[in-house]
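Student: First the structure, which I've put down as structure tokens, then a few questions once you've had a look.
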Amino acid sequence: AQRVTQPEKLLSVFKGAPVELKCNYSYSGSPELFWYVQYSRQRLQLLLRHISRESIKGFTADLNKGETSFHLKKPFAQEEDSAMYYCALSPYSGNTPLVFGKGTRLSVIA
Amino acid sequence: NAGVTQTPKFQVLKTGQSMTLQCAQDMNHEYMSWYRQDPGMGLRLIHYSVGAGITDQGEVPNGYNVSRSTTEDFPLRLLSAAPSQTSVYFCASWRRYNSPLHFGNGTRLTVT
């Protein structure tokens, strides 16, 4: 069964410090992985997906198949990065929707 | 484009009442889904649809019904509301099986 684990419920960092939000997945095939962000009381928005290999708002994420991880990183945190972050997995085949982790709340302290 | 539109934004129900949460998308997406968001639980899939006339259950389907008579609309019905259904509900649509989801703004439901 597909499963996404985000081990930290809350991560607090100081402004300017590096950020790493952890995501591990369980899936036997080759998954498509995503990071979504939800700012206070807003809709979830796609932040990035591993297949595009983009850097959005300074965030990057690398798929590590050996460690089954897709950690989200940013070298220098900004106050506006404070939000809820969800890692999600889509099976490479099939019609089922994304499977989400439980989310990590990032709080950037000025 | 409006994207995914959910109504209402807020709703308060008494235990036992019924209601329908509306969801509409204008992107001609075949796939649509409903999630509920609860503190510490993340997003949990309630029901989803892979096309008009086709629906399937997700992780937490009990107490909810769905139908998909058109590509655009995917309403979620609560037959007899319970306090455990107090949550924020998100509707989402996507183009194909590994495409990103587009979310609505959510409906905040309180059942007293």
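Student: Working only within region A:44-59, note down all residues that are modelled with pLDDT of 90 or more and either within 14 Å of another protein chain (Cβ to nearest Cβ) or farther than 25 Å from residue A:16 by Cβ (or both).
Tutor: A:44, A:45, A:46, A:47, A:48 - these are the residues of region A:44-59 that are modelled with pLDDT of 90 or more and either within 14 Å of another protein chain (Cβ to nearest Cβ) or farther than 25 Å from residue A:16 by Cβ (or both).
Student: If you don't mind, there's one more thing I want to ask. Kindly establish whether residue A:62 is more than 30 Å from residue B:5 (Cβ to Cβ), away from chain B (no Cβ under 14 Å) and either of a type outside the set (S, T, N, Q) or surrounded by fewer than 17 Cβ atoms within 10 Å (Cβ to Cβ) (or both).
Tutor: In short, yes.
Student: Tell me whether region A:72-81 contains one or more residues that are open to solvent by less than 60 Å² (accessible area, probe 1.4 Å) and closer than 30 Å to residue B:54 by Cα.
Tutor: Within region A:72-81, not a single residue is open to solvent by less than 60 Å² (accessible area, probe 1.4 Å) and closer than 30 Å to residue B:54 by Cα.
Student: Taking the condition surrounded by 21 or more Cβ atoms within 10 Å (Cβ to Cβ) and not β-branched (Val, Ile, Thr), does residue A:101 pass?
Tutor: It is true that residue A:101 is surrounded by 21 or more Cβ atoms within 10 Å (Cβ to Cβ) and not β-branched (Val, Ile, Thr).
Student: While we're here: So which residues in region B:88-112 are within 14 Å of chain A (Cβ to nearest Cβ) and part of a strand (DSSP E or B), if there are any at all?
Tutor: Residues satisfying the conditions are B:88, B:89, B:90, B:91, B:92, B:93, B:94, B:102, B:103, B:107, B:108.
Student: Can you give me the number of residues within region A:18-38 that are open to solvent by 30 Å² or more (accessible area, probe 1.4 Å), more than 12 Å from every other protein chain (Cβ to nearest Cβ) and in contact (Cβ under 8 Å) with a residue 40 or more places away in the chain?
Tutor: 6
Student: Taking the stated definitions as given, is residue B:111 of a type outside the set (Gly, Ala, Ser) and modelled with pLDDT of 95 or more?
Tutor: yes
Student: Does residue A:19 satisfy the condition of being of a type in the set (A, V, I, L, M), modelled with pLDDT of 95 or more, touching a Leu at 6+ places or on another chain (Cβ under 8 Å) and under 21 Å from residue B:101 (Cβ atoms)?
Tutor: no
Student: Take the conditions away from chain A (no Cβ under 14 Å), within 13 Å of the chain's Cα centre (by Cα) and not aromatic (Phe, Trp, Tyr) and apply them to residue B:16. Does it pass?
Tutor: Taking the combined requirement at face value, the residue does not satisfy it.
Student: Among residues belonging to region B:53-84 that are free of Cβ contacts under 8 Å to residues at least 40 places away in the same chain, surrounded by 13 or more Cβ atoms within 10 Å (Cβ to Cβ) and more than 14 Å from chain A (Cβ to nearest Cβ), point out the one that is farthest from residue B:23 (Cα to Cα).
Tutor: B:63
Student: Scan region B:38-52 for residues that are farther than 19 Å from residue B:95 by Cβ and open to solvent by 30 Å² or more (accessible area, probe 1.4 Å) and report the count.
Tutor: Here the count works out to 4.
The values are calculated or read from the model by the stated rules, or taken from the named source; none is laboratory data. The structure presented is a predicted model; accordingly, all values stated were derived computationally and were not measured. Glycine gets a Cβ as well: all are built from the backbone with ideal geometry, and neighbour counts include every protein chain shown. Keep in mind that these areas ignore ligands, DNA and RNA; they rest on the heavy atoms of the full protein, side chains included. Shrake-Rupley method; radii C 1.70, N 1.55, O 1.52, S 1.80 Å.
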